[in-house]
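Down below is the structure, laid out as C-alpha cells.
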Amino acid sequence: MSIRRRRALFTALLILYTLFVFSNSLDMGPSSSSKSGAVLALVNGFFESVGLPLHLSEHFVRKAAHFAEYFGLGAMALATLRQYTARWQPHLALPFFYCLFIPLCDESIQLLVPGRSGQISDVWLD
C-alpha cells in the first residue's frame with residue numbers, strides 16, 4: 001500500500017473514531033444508562049460465573065469506558081501522526097492537542113443532550 005493511501009486510511013479511521021466518541025455523547029441519559037447497565041450486568045455476571053467475589057458499580061463501568069475510549073483515541077492519533085513523519089517525537093504536540101480538544105468538545109456536546117451533563121472531571125479523565 002502506498003504511503004498516500006496509508007495516510008488517507010489512518011486519517012479516515014481517526015475521523016471515524018472521533019465521530020464514534022461523539023456519537024456516544026449524543027445518547028440521551030436513559031439510553032446511555034441502559035447501555036452502561038447492560039455492560040455492568042454482563043461483567044458482573046461473568047465474575048459471578050467464574051466464582052469471583054467482585055461486584056462493579058455503574059460508575060466504575062462508565063469511567064472505565066471513558067478511559068478505554070480515549071486510550072483508543074490517543075493510540076489512533078499517534079498512529080495517524082506516524083504515517084506522516086518518521087520523526088514523530090518532535091511533533092507530539094499535534095496528537096496531544098487533538099486529544100485535549102476532543103474531550104472538551106465531547107463534554108460540551110453532553111451539555112446539550114437531555115439527561116446528560118458535561119463535567120470537567122471527565123475531561124481530565126479522558
When restricted to Ala77, Ala41, the only residue at pLDDT 90 or above, over 30 Å from Arg4 (Cβ atoms) and out of contact with any Lys or Arg (no Cβ under 9 Å at 6 or more places or on another chain) is Ala41
When the range 48-59 is checked residue by residue, the ones that are modelled with pLDDT of 90 or more and part of a helix (DSSP H, G or I) are Glu48, Ser49
Condition set in contact with a helix residue (DSSP H, G or I) (Cβ under 7 Å, 6 or more places away or on another chain), aliphatic (A, V, I, L, M) and farther than 14 Å from Ala65 by Cα, scope the range 1-44, selection least open to solvent (accessible area, probe 1.4 Å): answer is Leu14
Here the residues within the range 1-39 that are touching a Ser or Thr at 6+ places or on another chain (Cβ under 8 Å) and aromatic (Phe, Trp, Tyr) are Phe10
Those residues of the range 69-97 which are open to solvent by 60 Å² or more (accessible area, probe 1.4 Å) and in a helix (DSSP H, G or I) amount to Phe71, Arg82, Tyr84, Gln89, Pro90, His91, Ala93, Leu94, Phe96, Phe97
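If you scan the range 57-68, which residues turn out to be open to solvent by 40 Å² or more (accessible area, probe 1.4 Å) and touching a helix residue (DSSP H, G or I) at 6+ places or on another chain (Cβ under 8 Å)?
Ser57, Glu58, Arg62, Lys63, Ala65, Phe67
The values are calculated or read from the model by the stated rules, or taken from the named source; none is laboratory data. On a predicted model such as this, the values are computed, not experimentally measured, just so you know. Virtual Cβ from ideal backbone geometry, glycine too; neighbours counted across all protein chains shown. Quick note on the areas: whole protein, heavy atoms, side chains included, nothing else; ligands and nucleic acids left out. Shrake-Rupley method; radii C 1.70, N 1.55, O 1.52, S 1.80 Å.
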